[in-house]
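Here's the structure, in structure tokens; my notes come after.
The values are calculated or read from the model by the stated rules, or taken from the named source; none is laboratory data. If you're wondering where the values come from, they're calculated on a predicted model, not measured in any experiment. Here the Cβ positions follow ideal geometry from the backbone for every residue, glycine too, while neighbour counts run over all protein chains shown. With ligands, DNA and RNA removed, areas are computed over all heavy atoms of the protein, side chains included. Shrake-Rupley method; radii C 1.70, N 1.55, O 1.52, S 1.80 Å.
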Amino acid sequence: MSKSLFIDGQAGTTGLGIAQRVAALPGIRLVTLAEAERKDPAARVAAMAQADLTVLCLPDDAAREAVALAPAGTRILDASTAHRVAPGWVYGFAEMAPGQAEAIAGARYVGNPGCYATGAIALLRPLTALGLLSAGQKLSINAVSGYSGGGKAMIAEHAAAGGPAFELYALGLGHKHIPEIMAYGGLTSRPLFVPSVGHFAQGMLVSIPLFLDAGLSAARLVQAYADYYAGAKNVVVRGLWAETLQPEALNDTDRLEIFVAADEAHGHAVLIARLDNLGKGASGAAVQNLQLMLGLAE
């Protein structure tokens, strides 16, 4: 028996990505609205009522309004930032912790993770959970993403001839992903997060410099990741690494890779996550979550 899915905001980058991925999957039928109805509250409510699951691909305020409009019992996967740390919502990073996939499968409300946050949490959560990294550790997190994560305006800017080669942004240092990185990365001290965009369409690297204290070696870090993610569907631990890393290597996949670079003579390490910002960082994660919620996961 097929399951029905309504994507509220299907015309956006994430919504289109989800729709394209779902089209290739058996057992899911899309509930769609005519273009003239996409902003009609009554039509949207009717579509939610028809669907087994609604995915919100909307700005934060619109996502909150959609949740308030939803008929009683509507199951929702929200791809916005609005509900990622909200009470009553399950965080949609299935590999984050033991039992997380099962929690997603049984949840009424799931918040799809941010792309940067997915990489940072993948690096931090195993270390804080195992006591290898203090929750109060002062950390900096650096990241570079393809421009497709910036929405239509940024995509248009980079598609133009001579688009910016590289740019730092969010230099007010209050990026919207920080609350979820802290909440699910196990941090009590706010990290210094510096995101950037390169002149490439998709792909992402997230890196966290770390000083190796006594008793914490690069090999111990690699082993901790390998043990924590043993059997994980989409997380691959590559181990110690000294070569260059390209952000686009996982494009059009739903995988996330973890690397550890180290200079143990000086007590230095860099933790690195690589993912596709449109794959495991957005639409791919949403499709993984909606399959879990609809009971269609492999």
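Data for the structure
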quantity: Among Ala282, Ala218, Tyr91 - extreme Cα towards positive end, dipole of the chain, charges at beta-carbon; calculated: Tyr91
quantity: nm² value of the averaged projected area, convex hull over the Cα atoms of region 22-173; calculated: 12.6
quantity: Highest average packing first - 64-75, 24-35, Cβ atoms within 10 Å; calculated: 64-75, 24-35
quantity: Carbon + sulfur, % of accessible area of the chain - ligands and nucleic acids excluded, 1.4 Å; calculated: 55
quantity: Selection of GluC sites (Glu not before Pro), region 192-265, meeting DSSP coil and at most 10 other Cβ within 10 Å; calculated: Glu243
quantity: Cα gyration tensor, region 195-298 - rounded (a/c under 1.5), prolate or oblate; calculated: oblate
quantity: DSSP bridge orientation in the chain - percent antiparallel, rounded to nearest 5; calculated: 45
quantity: Degrees between helix 13-23 axis and first principal axis of the chain (Cα, 0 to 90, nearest 10); calculated: 70
quantity: Counting DSSP beta bridges with both ends in region 185-298, the antiparallel % (nearest 5); calculated: 75
quantity: Interchain or long-range residues, amide H under 5 Å from Ile141's placed H; calculated: Leu192, Phe193, Val194
quantity: Count, lysine Cα pairs under 30 Å in the chain, 8 or more residues apart or across chains; calculated: 13
quantity: Column: log10 I(q)/I(0), Debye, Cα scatterers of region 88-227, q = 0.13, 0.14, 0.16, 0.22 Å⁻¹; calculated: -0.65, -0.74, -0.92, -1.33
quantity: For region 101-161, accessible area per residue (1.4 Å probe, heavy atoms of protein chains only), Å²; calculated: 37
quantity: Simple Cβ-charge dipole of the chain, Lys/Arg +1 and Asp/Glu -1, about Cα centre, in debye nearest 20; calculated: 440
quantity: Convex hull per residue volume in Å³, alpha carbons only, for region 1-102; calculated: 123
quantity: Candidates Asp276, Asp252, Asp78: whichever shows maximal mean-square fluctuation once the chain is modelled as a Gaussian network with Cα springs under 10 Å; calculated: Asp252
